Number of protein chains: 2
Amino acid sequence: MTDLLKRLEREPCDSRHSLEEVLANVRFNGDGLLPAIAQQHDSGEVLMMAWMNREALEETLRTGRVYYYSRSRAKLWRKGESSGQQQHLKSASLDCDGDTLLLQVEQTGPACHTGRRSCFYLSLEADSARISSAALIDPDELYTKGS
Amino acid sequence: MTDLLKRLEREPCDSRHSLEEVLANVRFNGDGLLPAIAQQHDSGEVLMMAWMNREALEETLRTGRVYYYSRSRAKLWRKGESSGQQQHLKSASLDCDGDTLLLQVEQTGPACHTGRRSCFYLSLEADSARISSAALIDPDELYTKGS
């Protein structure tokens, strides 16, 4: 927890600080990454969680298109660049301890690489796990389109 | 990505597998932890993100009360045990690559240690960051009550 984040805890609604000052207090993890949760802005559906580095966060805020950092490919990616299923940013919020981001987005079609709307499709129930949603698009068709 | 998770991608809605089999495929990180997003089940508000180890996940599913793993205190905690602001589990879903959990919960009062309903209260705007919600309860009063 940084001193600024500690001070903000007691500040009233609508207080403002410079974006630069707050970004300097974002607590990226040891790999320089921050988890970012994407939520469809109007329905409230949580679509996915992925990782951002500082560059992905800045590009997202600057362009209004959501960028993440791929840990497996070790590079920045713009959501939808290979699937065509874009994410446009509506708003972004940092949490109290500065180490998680919540994005309100407008998601085109499925957010999930399986073709489902949301990545959270494995419901853990009393003694079984159930697939709780169907693909909107055949995943084989998802990765032939760019954006 | 495990073989089971890869197979589930193509399975239709309502397919079931044993809970034990799916839990064995949860991909905890190098510290044995998994990020868990808590969402208020009826309003859709994203309240917080915290970490679970295997024991926290199992206790949560078994008891219907949400447990997390505190990285700073290096121990399991039941949400609300010191603040009185409990989280009751409505449902839990794992994501497509088995490394993030989404919890639908019934949250009593504020989820945030600052007394705000949600931890995501720092809105990152064009050139400033704005505090977007007010405390429901004075945080000094939060940690005098158990649950």
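The values are calculated or read from the model by the stated rules, or taken from the named source; none is laboratory data. None of these values were measured; they are calculated from a predicted model. Neighbour counts are summed over all protein chains in view; Cβ atoms, including those assigned to glycine, are modelled from backbone coordinates with ideal geometry. SASA here: full protein model, heavy atoms, side chains in, ligands and nucleic acids out. Shrake-Rupley method; radii C 1.70, N 1.55, O 1.52, S 1.80 Å.
A few comments on the model shown:
- Label-zone membership for segment B:34-57, site B:T2, 7 angstrom Cα→C-beta point, backbone N under 15 Å: B:34, B:54-55, B:57
- Across the identical copies, the label point of A:G64 (7 Å from Cα in the Cβ direction) is separated from its matches by 4.6 nm, in order from shortest.
- Principal-axis tilt of helix B:54-63 within chain B, Cα atoms, nearest 10 degrees: 80 degrees
- Put simply, segment A:3-109 fits an ellipsoid with semi-axes of 24, 17, 11 Å; these come from the alpha carbon gyration tensor as the roots of five times its eigenvalues, largest first.
- Of the Cα atoms belonging to the protein assembly as shown, the radius of gyration and Dmax stand at 18.6, 57 Å.
- Once C-alpha pairs closer than 8 Å and six or more residues apart are averaged by separation and normalised to the residue number of chain A, the relative contact order reads 21 percent.
- A:H88 - accessible surface, heavy atoms, 1.4 Å probe, Å² rounded to 10: 70 Å²
- Taking the charge dipole of chain A about its Cα centre, with +1 at Lys and Arg Cβ atoms and -1 at Asp and Glu Cβ atoms, the residue from A:S83, A:S133, A:L4 reaching farthest to the positive side is A:S83.
- Segment A:90-147 and segment B:27-96: distance between their alpha carbon centers, rounded to Å: 19 Å
- Long-range HN-HN contacts of A:M52 with modeled amide H, under 5 Å: A:L34, A:A36, A:Y69
- A 1.4 Å probe, protein heavy atoms only, puts the accessible area of B:V26 near 20 Å².
- Among the listed pairs B:K6/B:K90; B:K6/B:K79; A:K75/B:K75; A:K6/B:K75; B:K6/B:K75; A:K75/B:K90, those beyond 29 Å (Cα-Cα): B:K6/B:K79; A:K75/B:K75; B:K6/B:K75; A:K75/B:K90
- Per-residue SASA entry for B:L57, accessible area with 1.4 Å probe, Å² rounded to 10: 0 Å²
- Cα-based Rg and Dmax for segment B:75-140, where Dmax is the largest Cα-Cα distance (Å): 14.7, 40
- Rounded to the nearest 20 debye, dipole of chain B from Cβ charges on Lys, Arg, Asp, Glu: 320 debye
- Ranking of B:S82, A:S70 by solvent-accessible surface, largest first: B:S82, A:S70 (1.4 Å probe, protein heavy atoms only, all chains present).
- Probing with 1.4 Å while keeping every protein chain in the model, the per residue accessible area of chain A equals 44 Å².
- Extreme residue, positive dipole direction of the protein assembly as shown, given options B:L23, A:L142, B:S123 (C-beta unit charges): B:L23
- The two copies A and B are related by a rotation, and the chain A beta carbon nearest its axis, with distance in whole angstrom, is A:G44, 1.
- Unit charges on C-beta of K, R, D, E only; dipole of the protein assembly as shown, Debye: 220 debye
- Each of B:T108 and B:H41 was given a label point 7 Å from its Cα along the Cα-to-Cβ line. The distance between the two points is 1.6 nm.
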